[in-house]
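Notes follow once the structure below has been shown.
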Amino acid sequence: MPPTNTPVEIFGAVYNVRGTDDSGYLQGLADRVDRHMREVAQQVSTADTARIAILAALNIADELFRIQQRQEGERVEIREKMEALTAELSRALAG
């Protein structure tokens, strides 16, 4: 799929985002960033857009990190269950 330009609005500014993903996906990402920036803006006393964007980026990065940690924990749990079931199956087949 060739890259296309998709106009998105984030925190009152329009950006042309170039990508190979469909415009709906890119708009969804932009909406998420916009939502985070607006939430941060309500909690801080600055109107500095760059500062608001950085704080929003930190919030999004925190969400991502927590999700990755949870998924890694789930992978470990699945691996442990799989090993236990494999051992149980091996015992059942052996005897």
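The values are calculated or read from the model by the stated rules, or taken from the named source; none is laboratory data. Because the structure is a prediction, the values reported are computed rather than measured. Ideal geometry is used to build each Cβ from the backbone, glycine not excepted, and the neighbour counts take in all protein chains shown.
Out of ASP62, ASP21, ASP34, one residue alone is modelled with pLDDT of 95 or more, among the acidic types (Asp, Glu) and surrounded by 14 or more Cβ atoms within 10 Å (Cβ to Cβ). It is ASP34.
Pairs are defined by a Cβ separation below 8 Å, a sequence spacing of at least 6 or placement on different chains, a first member in the range 45-57 that is closer than 21 Å to ARG32 by Cβ, and a second member that is hydroxyl-bearing (Ser, Thr, Tyr); the pairs so defined are ILE52/THR46. The number of residues in the range 65-95 being surrounded by 10 or more Cβ atoms within 10 Å (Cβ to Cβ) and not in a helix (DSSP H, G or I) comes to 0.
I'm checking my understanding of the structure. Among residues of the range 40-64 that are among the β-branched types (Val, Ile, Thr) and assigned to a helix (DSSP H, G or I), which one is nearest to ALA13 (Cα to Cα)? Please lay out each step first, then the result.
In the first step, residues of the range 40-64 are kept if they are among the β-branched types (Val, Ile, Thr); the result is 40, 44, 46, 49, 52, 54, 60.
Applying the additional criterion that residues be assigned to a helix (DSSP H, G or I) yields 40, 49, 52, 54, 60.
Numbers: VAL40: 16, THR49: 10, ILE52: 14, ILE54: 16, ILE60: 19 Å.
Top of the filtered list is THR49.
Listed by first and then second residue, the pairs linking a residue in the range 10-30 that is without any contact (Cβ under 8 Å) to a residue 12 or more places away in the chain to a residue that is surrounded by 10 or more Cβ atoms within 10 Å (Cβ to Cβ) and part of a strand (DSSP E or B), with Cβ atoms under 6 Å apart and 6 or more places separating them unless they lie on different chains, are VAL14/PRO7; ASN16/ASN5; ASN16/PRO7.
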